[in-house]
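The values are calculated or read from the model by the stated rules, or taken from the named source; none is laboratory data. Computed from a predicted model, the values in this text were never measured in an experiment. All Cβ positions, even for glycine, are placed from backbone atoms using ideal geometry, and neighbour counts span all protein chains on display. Only protein heavy atoms, including side chains, enter the accessible area calculation; ligands, DNA and RNA are left aside. Shrake-Rupley method; radii C 1.70, N 1.55, O 1.52, S 1.80 Å.
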Amino acid sequence: MIKKMVDTLHAAPYSSRAALIVACLLIIALFIPAAASPRQIKLGPQQTVVTANPKMGIHTRLTDEVEPWKIKRTLEMVREMGAPWIVEYFPWAYREPFPGFFDWSHSDLVINHADRQGITVIARLGFVPQWARPYDSASSYLPPERISDFGDYVQAFVDRYGDRVPAIIIWNEPNLALEWGFQPVDPEGYTQLLAAVYPRAKAANSNTLVLGGALAPTLAPPGSEQGMNDLVYLQRMLDAGAGEVMDGLSVHAYGWSFPADDPPHPEVINFRRTELVHQLLVDNGYGDMPIYITEGGWNDHPRWTRAVKPAQRIQNTVQAYELIESWPWAKAGAIWAFRYPWPARTYLDYFTFVTPDFEPKPIYLEIQRYSRGEEIGDNGR
Amino acid sequence: MQPLVARITHHSSFITHHSSFIKWIAFSIALTLLLGAILWQFFAPRDDGALVEIQRLGTLRVGLDASFPPFETLDADGQIAGLDVDIAGAIATDLGVEPELVNIGFDGLYDALLARRVDIVISGLPYDPRWTEDVAYTNTYFNAGQILVALTGVSTITAVEDITGHTVAVEWGSQADMEGRRLERELAQVTLLRRSTADEALAALFSGEADAAVVDAVSGVSAFPRGLKIVTYLTDEWYAAAVHIESQKLLEAVNQSLARLEESGEMAKMQARWLHGQ
């Protein structure tokens, strides 16, 4: 048969042969990038997370991770650490670079690999594309007339991933001016944003939970240009009707230099401030509203004023996971952050559990022992 | 043999040919130098005149974070003191000016330098290649990496391989712990003893609970007078001062000053005072 094909080729006119060769080369050229494409990283077999604490989570930083094998390795290591939850950021500007044109390639990678590792993803949505805001504005500025465009993104996201992403977070820390387009913070305005996107998410998948954006824990005084006290902001959100347009609330719970069990107090920023947030929901008739801790933890930089010793960071983190497990109203708790794609070269590097080249830090190994029900610390080792 | 006329003609032709070749070479060299000079104008490091301005004002503004003893901290009188302060003073003296210490949080040091709020940062600053587009680092003056230490005169540990079969103390969760775990993986029968702080890890070494310890060099060197020796550096973290990338003449002057301090033994004396308590 091959001989017949070769004979036919020889018998063909020169121009036809040339055209055939060019066509073959074009077909080969099409396959070369596909074969070399990093997207060919295999998902691998279906895995499950084995853990002693099913509420354990961690915030990953895969938004800027371009290499698929690193996305896969990150999620493998999260599973191996024993965390069944991750929180990840899916910027609107990256997914919809032009109006109506959606590029899901990167988010597909993250969610497919997380799904295959048996990890549940909570998705944070935000970051306004340039086409949806004035030229010289910040990416956290959403003009009121563009809220429906953001709603389009939310609906498209939930439509695509709603069966695998059970909860989405709308915006991030809107009680800070820098997260609210450097405009004066506006709890009522944020509530309007929630009210606008809530039905869009539900239209795509009625089971998807819409979480109120986590507020930055802050003691900013009244009238501050930087932001608003988180408890004050939440009360004003609830007064504006936010309780009816969110299914749960995400919370940021940083411990700074305090131990995890430091008692809550309105004038103190510590991990158990989360209990004050819950109490505020109770006081407003939303005691059943679930809370998801979507950032939090401690830093062990040797020279940062808000840092703790590495040993304290490990102990605090374990204790925080235990507290989350004990709080019936807390559904999951994600500590910041698993790994950065590259070193920040600041104190921020000391929030991570794994180095950029995937070397586990001692805190990773100790949390892994905790998730396996083993004793941590230096006793007996 | 060629006739005389033919030889003269040939010679003349050779000279003519050779002469044009020399001209061509000379022209090429001149053109290259000209192009080089033009490129130098565009790409040579420019000097911002910082050194001249410092000497005109008589003050060297030094950025540091006074929360990192023994490099810089507040003493009992509330004055900033430490190894870096002494280095800054020596450099200022060499420049013929007075040092002005500007206390800034560690994460704001580079911004202060780039915003021209300070002329130089001397603050236990680790060399970081990612900043080299914006700042120029001086020669390094201290390696703060992780060190394997043992007791002087008692320990037989003289190389990293010698810790096989021994107990090594580390600060739990720290970079030293990471290095310790690596040694545990790579060498046979290494037992790690984890303590809550670097000081407690060193105390375990002095009490005999451990045969060696891994600590950062800043923690380790302060214990030298108690009979500690560095077996080896396991990692490097070099400290240097930094100036604005355009302050090239200031950089040159500071490097000369640092070299003088090294050669004269003054740097060793300052380190002995602040790091070893001598």
Roughly how many debye, to the nearest 20, is the charge dipole of the protein assembly as shown about its Cα centre, given +1 on each Lys and Arg Cβ, -1 on each Asp and Glu Cβ, and no other charges? 2640 debye
I'd like the accessible area for residue A:200: 1.4 Å probe, protein heavy atoms, all chains in place, Å² to the nearest 10. 60 Å²
Expected-Rg normalisation [2.2 N^0.38 Å, Cα atoms] applied to chain B: 1.53
Using a cut-off of 16 Å between alpha-carbon atoms, which aspartates and glutamates can reach residue B:269, once sequence neighbours fewer than 8 places away in the same chain are excluded? B:84, B:86
7 Å from Cα along Cα→Cβ at both residue B:161 and residue A:80: what's the point-to-point distance in nm? 2.9 nm
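Å³ per residue of the Cα convex hull, for the protein assembly as shown?
Working: hull volume 229.2 nm³, N = 659.
Convex hull of Cα atoms, per residue: 348 Å³.
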With a point put 7 Å past each Cα toward its Cβ, work out how far residue A:207 is from residue B:53 in nm, to one decimal. 6.4 nm
Note, residue A:184: beta-carbon cut-off 14 Å, +1 each Lys/Arg, -1 each Asp/Glu, net -3
Using only Cα atoms, tell me the angle between helix B:83-95 and the longest principal axis of chain B; keep it within 0 to 90° and round to the nearest 10. 30 degrees
When the C-alpha atoms of the stretch A:106-260 are aligned to their principal axes, what extent does each axis show, in angstrom, from largest down? 45, 43, 30
Sorting B:199, B:119 on solvent-accessible surface, 1.4 Å probe, most exposed first, gives B:199, B:119
Accessible area of residue A:136, 1.4 Å probe, to the nearest 10 Å²? 140 Å²
How long is the stretch A:37-371 along each principal axis, judged by its Cα atoms, biggest number first, in Å? 51, 48, 38
Estimated FRET transfer efficiency when R0 is 56 angstrom, pair residue A:357-residue A:239 (beta carbons, to 0.05): 0.70
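Hey, if we sort A:149, A:230, A:103 by accessible area with the 1.4 Å probe, largest down, what's the order?
Values: A:149 35, A:230 10, A:103 60 Å².
Accessible-area ranking of A:149, A:230, A:103, largest first: A:103, A:149, A:230.
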Using a cut-off of 20 Å between alpha-carbon atoms, which aspartates and glutamates can reach residue B:229, once sequence neighbours fewer than 8 places away in the same chain are excluded? B:161, B:162, B:171, B:177, B:179, B:199, B:200, B:209, B:211, B:216, B:237
Would you check the accessible area of residue B:209, probe 1.4 Å, heavy atoms only, in square angstrom rounded to 10? 100 Å²
Residues of A:309-317, mean number of Cβ from any other protein chain within 10 Å of their own Cβ, rounded to a whole number? 5
If you fit an axis through the alpha-carbon atoms of helix B:198-207 and take the longest principal axis of the Cα set of chain B, what angle between them do you get, 0 to 90°, nearest 10? 60 degrees
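Just tell me, in residue order, which DSSP H segments of chain A are both 27 angstrom or longer along the helix axis (alpha-carbon based) and at least -1.0 in mean Kyte-Doolittle hydropathy.
Working: long enough: A:14-36 (33 Å, 2.01).
What comes out of the filter, once short or polar helices are dropped, is A:14-36.
Per the Cauchy relation, a quarter of the hull surface: what is the mean projected area of the convex hull of the alpha carbons in the stretch B:64-150, in nm²?
Working: hull surface 29.3 nm².
Mean shadow area of the hull around the Cα atoms is 7.3 nm².
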Order A:262, B:236, most accessible first, counting only protein heavy atoms with a 1.4 angstrom probe. B:236, A:262
With a 10 Å cut-off between alpha carbons and a GNM built on chain B, which of B:124, B:78, B:36 moves the most? B:36
If you take the charge dipole of the stretch B:233-275 about its Cα centre, with +1 on Lys and Arg Cβ and -1 on Asp and Glu Cβ, which of B:274, B:259, B:235 is farthest toward its positive end? B:274
Among B:70, A:51, B:204 - extreme Cα towards positive end, dipole of the protein assembly as shown, charges at beta-carbon: A:51
Mean-square fluctuation check for chain A, GNM, Cα pairs under 10 Å: which of A:145, A:244, A:179 is largest? A:145
Radius 10 Å from Cβ of residue B:144, net charge of other residues (Lys, Arg +1; Asp, Glu -1): -3
When ranked by the protection proxy of mean other Cβ atoms within 10 Å per residue, highest first, what sequence do the peptides B:189-198, A:121-130 form? A:121-130, B:189-198
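What percentage of all Cα-Cα pairs in the stretch B:47-89 are separated by more than 18 Å? Intermediate results must be reported in sequence, preceding the final value.
On the way: 347 of 903 pairs.
Of the Cα pairs, 38 percent sit more than 18 Å apart.
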Tail beyond 15 Å, pair distance distribution of the stretch B:99-163 (Cα, percent): 64 percent
Taking chain B as a Gaussian network, Cα atoms linked when under 10 Å apart, which of B:202, B:125, B:39 shows the biggest mean-square fluctuation? B:39
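Relative contact order for chain B: what is it in percent, counting Cα pairs under 8 Å that are at least 6 residues apart? Could the numbers behind the result be given before it?
Values: 451 pairs, mean separation 65.5, N = 278.
The normalised contact order for chain B reaches 24 percent.
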I need the Debye-formula profile for the stretch A:192-268: one equal scatterer per C-alpha, no solvent, reported as log10 I(q)/I(0) at q = 0.16, 0.22, 0.26 1/Å, two decimals. -0.71, -1.05, -1.23
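Between residue A:265 and residue B:230, what's the calculated FRET efficiency when r is the beta-carbon distance and R0 is 51 Å? Round to 0.05.
On the way: r = 46 Å, r/R0 = 0.91.
Efficiency computed from Cβ-Cβ geometry: 0.65.
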In degrees from 0 to 90, rounded to the nearest 10, what is the angle of the helix B:248-264 Cα long axis to the longest principal axis of chain B? 60 degrees
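List, in the order given, every pair from A:72/A:361; A:72/A:309; A:202/A:331; A:309/A:361; A:55/A:361 whose Cα-Cα distance in the structure shown is over 25 Å. Intermediate results must be reported in sequence, preceding the final value.
Values: A:72/A:361 19 Å; A:72/A:309 31 Å; A:202/A:331 20 Å; A:309/A:361 14 Å; A:55/A:361 22 Å.
Table pairs above 25 Å Cα-Cα are A:72/A:309.
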Equivalent ellipsoid semi-axes - Cα gyration tensor, the stretch B:141-278, angstrom: 33, 17, 12
Might you report the magnitude of the Cβ-based charge dipole of the stretch A:239-279 about its Cα centre, with Lys and Arg at +1 and Asp and Glu at -1, to the nearest 20 debye? 140 debye
